Amino acid sequence: PSRADSPVHRLQLSFPLLSTLAVRQAMTPSPLQLSPQQSVEEAEQLLGEHTVDGASVLDARGNLLGVLTLADSGRVPLGERGSRRVEGAMNRDVLAIQPDDTLDVALEQLTSHRIGWMPMVEVETATGGRHLIGRISTQEIVRAYPEALAKASRRMRGLVEGTVMLEAEIEPGMRLAGRPLREAQLPTESLVVSIRRQNELLFPRGSTVIEPDDLVTFLVSPSGEERLRAYLAERVERAEPILLH
C-alpha cells in the first residue's frame, strides 16, 4: 500500500490543521517524574497512585534519562523489584519531541510508534542534555484540534465574497520553486491552501518547500488576483470564483 493508504497518513488527512499548532500549545506538565535511584517497587507504586502507565526518569538537573512504564516494571521479577533500581529497568531509547515542533509531527510519531504519550524536551546546545518541560499525548492533540479549526475559520472570514481559487503547476525558475513558504513573499490577500505532489495532497505550513511539478492551490481576493498572477509569471493554469458564506 502507498503512504496515503497508511493509518498514520489517514490520521494526518483527517486533522490537517494540526500543522498550524506548535506542541507547546497542547502540552501538559508531567504528572510524575522518577529518579534513576528509586526502586522499581517504589516507582510502580507511584505510577499506580498517579494513575499513569509510565513516567519520565530525570537526573538531578532535570534532564531526561529514560522512561519507565508499567510494562517495563512488569518485566522485573516480583521478588527483585524492591532491590532493582529504576535505572536498570527503564527504557533509555526514548522518543521525545521539542516545543516548536508541530502537532501533526507529534501525532505521526505517536501513532507510528504505537505509544500514547511522549516527553517534551528542550535541548541544551552546550551539553546536548534534554531538559524535560512537559509531555504530549494523543488525547491532548485531539483536544487541541478545535483551536486549529477556530484559527482557520478566522482566516477564512477575512476573505471576501467572490474570492478566487487559482491552481498553478510550479516550474523551475518560478519564484516559489525551491523555497519554503515562509520565504516566498507571496502577494498580500493570497493564501496557499493545498499542494498536490504526485499522489499526495499536502496541507502546507511555513516550512513546506514548494517543488517543481507541485500543483499549488491558492485563494486570493479579487483585488489581489492580478498581483498573484504576475507573481506566478502568468503560469497559472486556471481560475474559478468561489462564494464564501
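What follows draws every value from the coordinates through simple rules; no lab data is involved. All values derive from a computational prediction rather than experimental measurement. Positions of Cβ are backbone-derived with ideal geometry, glycine not excepted, and every protein chain shown enters the neighbour counts.
In the neighborhood of ALA22, defined by Cβ-to-Cβ distances under 10 Å, what is the net charge if each Lys or Arg adds +1 and each Asp or Glu adds -1? Mind dumping the intermediate values first?
Values: positive: ARG24; negative: ASP100, ASP101.
Local net charge: -1.
If packing is taken as the average number of other Cβ atoms within 10 Å across a peptide's residues, how do 18-25, 81-88 rank, most packed first? Write down the numbers at each step before the final one.
Numbers: 18-25: 19.2, 81-88: 15.6.
The most tightly packed comes first, giving 18-25, 81-88.
Relative contact order for the stretch 164-240: what percent, with Cα pairs under 8 Å and sequence separation of 6 or more? Intermediate results must be reported in sequence, preceding the final value.
Details: 149 pairs, mean separation 37.4, N = 77.
After rounding, I find 49 percent.
Hey, fewest Cβ within 10 Å first, where do ASP104, ASP59 land in order? Provide the component values of the computation, followed by the final result.
Numbers: ASP104 21, ASP59 13.
Final ranking by Cβ density, sparse to dense: ASP59, ASP104.
Taking amide H atoms as placed 1.01 Å from N in the peptide plane, list the residues 5 or more away in sequence, or in a different chain, whose amide H sits under 5 Å from that of GLN98.
Those lying under 5 Å, H to H, from GLN98 are VAL121.
Could you tell me which of rounded, prolate or oblate describes the stretch 80-127, using a ≥ b ≥ c as the square roots of the eigenvalues of the alpha-carbon gyration tensor, with rounded for a/c under 1.5 and, failing that, prolate when a/b is larger than b/c and oblate otherwise?
Working: a/c = 3.80, a/b = 1.57, b/c = 2.43.
It is oblate, given that a/c is not under 1.5 and a/b is not larger than b/c.
Debye calculation, C-alpha points only, no solvent: report log10 I(q)/I(0) for the stretch 3-144 at q = 0.09, 0.14, 0.21 Å⁻¹, in the same order as the q values.
One equal scatterer on each Cα of the stretch 3-144 leads to -0.30, -0.68, -1.21.
Shape call for the stretch 164-240 from the C-alpha gyration tensor, a ≥ b ≥ c root eigenvalues: rounded (a/c under 1.5), prolate (a/b greater than b/c) or oblate? Please report the intermediate quantities before stating the final value.
Working: a/c = 1.41, a/b = 1.34, b/c = 1.05.
The shape class here is rounded.
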